[in-house]
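See structure below.
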Amino acid sequence: MKIRKVLPLLTIAFMMPAFVQAQDLMAREAKADFQLKSSDVAKIITQIKVQEEVTFAKNIYGNHWDNDGVNVYKDMPKPEELVINLKDFSMPIKNRIVTSNYGYRPRFRRIHYGLDIDGCTGDTIFAAFSGKVRVRKYDARGFGYYIVIRHDNGLETVYGHLSKQLVNINQEVKSGEPIGLCGNTGHSFGSHLHFETRVLGEPINPAFMFDIAAGDVVSDTYTYRSKGGGKTTTLAVAEPVLSQAVSQDAQSQLVVTVANSHSKTKPKARIHKVQKGESLYTIARKNHTTVAEICKRNRIKENSTLRPGQVLTLK
């Protein structure tokens, strides 16, 4: 097997079944003349990608599956760096108005670990990515009715203050599938969705990954770097193990297609966190862009008031 990067033995052990399955699928789809149709290649690539993501999550969380709460990973080492695939993203709620950002809130004297997205009681809440429901609980002094989903891309997402939970623990869900209803339960002062993103319990500002106003991702991938360090997790893409029943031409075709599919990613958008005293003009000049471009990308007006800590997407 050819491998682009040297992987930890644990990673290789997890990845082997994925490519064995891909090999079996290749053998089943091979024609009498050993030529693959484009539809066959696409099907095999999809199979490989699915197995890669399942392997990715296993390398991060191992067999640790605890239904007790949001952060149950305090004794587990954090990977130093992970590239998280965001292409499967679905907006968790149809509304696109953020009422409270990630960060320290002086009013409550504590850090807000997610985004509050405006909504009405009864609005449908959707899974941001495909995955499996890990937590379905009620927290009277915090999240109220809430759900935590572990996703194959390595993220876990939290959905708080729900009026109703529509899924159960250990249930598999697809990206965009209804999982609950918006509400005002727990420690909340109005109907909204509290939305968090975490890796092994460590919170990440969702604004680094998602442009809520646009209802889309900032870029196709997000590189997570642990604040506390830990073991290094390197998840390179291994070349598929191909069946001997397939011709060399077909094998070459598939390998090239798989490689191309991994390289077609959008360039990462830049992020700017607003500092006290900054204006759209000073931010534009500092980042070699224009006020009009910033306003267009963030759907704001030139006379909009900027708040310290606000995250802006740049070109």
### Summary
Along the dipole axis of segment 51-120 (charges at Cβ: +1 for Lys and Arg, -1 for Asp and Glu; origin at the Cα centre), the most positive-end residue among G103, V72, N59 is G103
### Task
With θ set to phi - 60°, apply the Karplus curve 6.51 cos²θ - 1.76 cosθ + 1.60 along segment 300-310 and write out the HN-Hα couplings as whole Hz, x wherever there is a Gly or Pro.
10, 9, 5, 9, 5, 7, 8, 10, x, x, 5
### Task
Could you calculate, for segment 75-131, the ratio of the Cα radius of gyration to the Kirkwood radius, expressed as Rg to Rh?
1.06
## Note on the structure
Karplus ³J(HN,Hα) for segment 218-226 (6.51 cos²θ - 1.76 cosθ + 1.60, θ = phi - 60°; Hz, whole; x = Gly/Pro) runs 6, 7, 5, 9, 10, 9, 8, 10, 5
### Query
Tell me, what HN-Hα J-couplings in whole Hz come from the Karplus equation 6.51 cos²θ - 1.76 cosθ + 1.60 at θ = phi - 60° for each residue of segment 98-115, using x for Gly and Pro?
8, 9, 8, 8, 6, x, 6, 10, x, 4, 9, 6, 7, 7, 9, 8, x, 10
### Long pairs among K78/K276; K87/K273; K174/K227; K132/K164; K137/K273; K227/K286, criterion Cα-Cα beyond 22 Å
K78/K276; K87/K273; K174/K227; K137/K273; K227/K286
### Query
When you count, for each residue, the other Cβ atoms within 10 Å and take the mean per peptide, how do 297-304, 113-120 rank with the highest first?
113-120, 297-304
### Message
If every alpha-carbon in segment 117-229 counts as one equal scatterer, what log10 I(q)/I(0) does Debye give at q = 0.10, 0.14, 0.22, 0.23 1/Å?
### Response
-0.27, -0.55, -1.30, -1.38
### Under-5 Å amide H pairs with I179, H placed in peptide plane, nonlocal only
I125, F126, A127
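FYI, it's all coordinate maths here, none of it is from the lab. Bear in mind that the values here come from a model prediction, so they are computed numbers and not experimental data. Heads up, the Cβs are rebuilt from the backbone with ideal geometry, glycines too, and the neighbour counts pull from every protein chain shown.
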